[in-house]
Amino acid sequence: MHELAIADSVLKVVEAEAARRPDARIVKVGLRVGELAGVDPDALSFSFEVLVRGTKLEPLLLEIERCPRRHHCRLCGCTFAVADFEAACPECGAAQTQCIAGDELELAYLEVEEP
Amino acid sequence: MNRIPLQGKILKENDRIAAELRDGFAASGTLCLNLISSPGAGKTSLLERTLEAFGPRQRVGVLTGDIQTDNDAVRLARFGFPVRQITTGGTCHLDARMVKQALADWRFSELDLLLIENVGNLVCPASYDLGEAAKVVVMSVTEGDDKPLKYPAIFHKAELLVLNKMDLLPYVPFDVARACANARRVHPGMEILEVSCTTGAGVEGWQQWLAQRRQASCREGAGSPV
């Protein structure tokens, strides 16, 4: 259950942004979470909801974009989505391909209402 | 409504401290490894096998993480190397801040090798960079051979898989070939070592891997070779 610690890190970023924009109201924070990040989006959303409750930021929404695993083939140069751990290149059949996306645990955006 | 792009990783504070630690390890030529497994797979046993083979002049230190108790530190301290327990008090993983605090009065220049035993957990430790040169995942044959598929994050991020308790293979329905294939589906080309910490079989393969990594980190760093 490290999602609570991750939710806390997100909340700290939003609090810092809120302090920089005293006149604005932050409505939503967006994240990018890869399927290989080892983070459960439901547990993260639940933790975030619990942490926001009772703070000045309430009601702050969280939106999580799930990022699929993508690989790049150095042999033929193609980039492809990896489904069901099939990491071989679909174009040229190369077995060794490189993971280029899918382990994101990143901040994406804030949605802000400004006066 | 205005959408403002945000940059950076969610765990950037952890990553900042981890980068600081990594720079420190690199400057002193210290090889730092982060050992991760489910509870009971044999991280502490692997460390016992590792430490018992080292002579007293080896400059090795161990940090061992658990939610409660200093049992592991007591087990490992008998080999005479510096060992420190990190008791997380409930947290299911180590983070870079805990490692930095635990190392506060240790001099990196006095260590060629730092082994970090993470809290027994295959999920959460995968998200936290501790400044290590490599993550090593330990898995045992008493677990399911589909574990790499169930917990892909750690098998994706770890450089090496140590498959432990090979001596128990006759008694369990574990398929080694399938486990290795599953690990390599998640992490193509993953290095895998088969060991038994109970009998010592295969442990020399792990020691060789360790020696190669230590030579490489000595060459890269400012530290003098052992």
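The values are calculated or read from the model by the stated rules, or taken from the named source; none is laboratory data. The model shown is predicted, which means the values in this text are computed figures rather than measured ones. Positions of Cβ are backbone-derived with ideal geometry, glycine not excepted, and every protein chain shown enters the neighbour counts.
What to note about this one:
- Residue check for B:LEU6: closer than 30 Å to A:ILE64 by Cβ, within 14 Å of chain A (Cβ to nearest Cβ) and more than 15 Å from the chain's Cα centre (by Cα): yes
- Residues being under 20 Å from the mean Cα position of the chain (by Cα), more than 14 Å from every other protein chain (Cβ to nearest Cβ) and part of a loop (DSSP other than H, G, I, E, B) - total across segment B:174-199: 4
- Segment A:9-76 holds strands (runs of 3 or more DSSP E) entirely within its bounds, and those carrying 1 or more residues that are within 20 Å of B:ILE4 (Cβ to Cβ) map to A:25-34, A:61-67.
- Of all residues in segment A:6-49 being free of Cβ contacts under 8 Å to residues at least 12 places away in the same chain and out of contact with any Phe, Trp or Tyr (no Cβ under 9 Å at 6 or more places or on another chain), the one that is nearest to the other protein chains (Cβ to nearest Cβ): A:SER9
- Of all the criteria given as (1) farther than 21 Å from A:VAL27 by Cβ; (2) modelled with pLDDT under 95, the one not satisfied by A:THR79 is (2).
- Qualifying positions in segment B:100-139 - of a type in the set (Ser, Thr, Tyr) and within 15 Å of the chain's Cα centre (by Cα): B:SER127, B:TYR128
- Options B:LEU103, B:LEU122, B:LEU94: the member that is in contact with a helix residue (DSSP H, G or I) (Cβ under 6 Å, 6 or more places away or on another chain) and under 25 Å from A:ILE6 (Cα atoms): B:LEU122
- Search result, residues across segment B:156-175 that are more than 21 Å from B:ALA201 (Cβ to Cβ) and either touching a strand residue (DSSP E or B) at 6+ places or on another chain (Cβ under 6 Å) or touching a residue at least 60 places away in the same chain (Cβ under 8 Å) (or both): B:LYS157, B:ALA158, B:GLU159
- Hits in segment A:51-105 (condition: more than 13 Å from chain B (Cβ to nearest Cβ) and in contact with a Leu (Cβ under 7 Å, 6 or more places away or on another chain)): A:LEU51, A:VAL52, A:CYS92
- Unmet requirement for A:PRO115, which otherwise passes all of (1) surrounded by 12 or more Cβ atoms within 10 Å (Cβ to Cβ); (2) within 12 Å of chain B (Cβ to nearest Cβ): (1)
- Total residues in segment B:94-135 satisfying the condition of being more than 14 Å from chain A (Cβ to nearest Cβ), under 11 Å from B:LEU21 (Cβ atoms), charged (D, E, K, R) and assigned to a loop (DSSP other than H, G, I, E, B): the figure is 1.
- The set of residues from segment A:27-73 being small (Gly, Ala, Ser) and either within 13 Å of the chain's Cα centre (by Cα) or more than 12 Å from A:VAL10 (Cα to Cα) (or both) comprises A:GLY30, A:GLY34, A:ALA37, A:GLY38, A:ALA43, A:SER45, A:GLY54.
- Being more than 14 Å from chain A (Cβ to nearest Cβ), surrounded by 20 or more Cβ atoms within 10 Å (Cβ to Cβ) and touching a residue at least 24 places away in the same chain (Cβ under 8 Å) is a property that B:LEU11 lacks.
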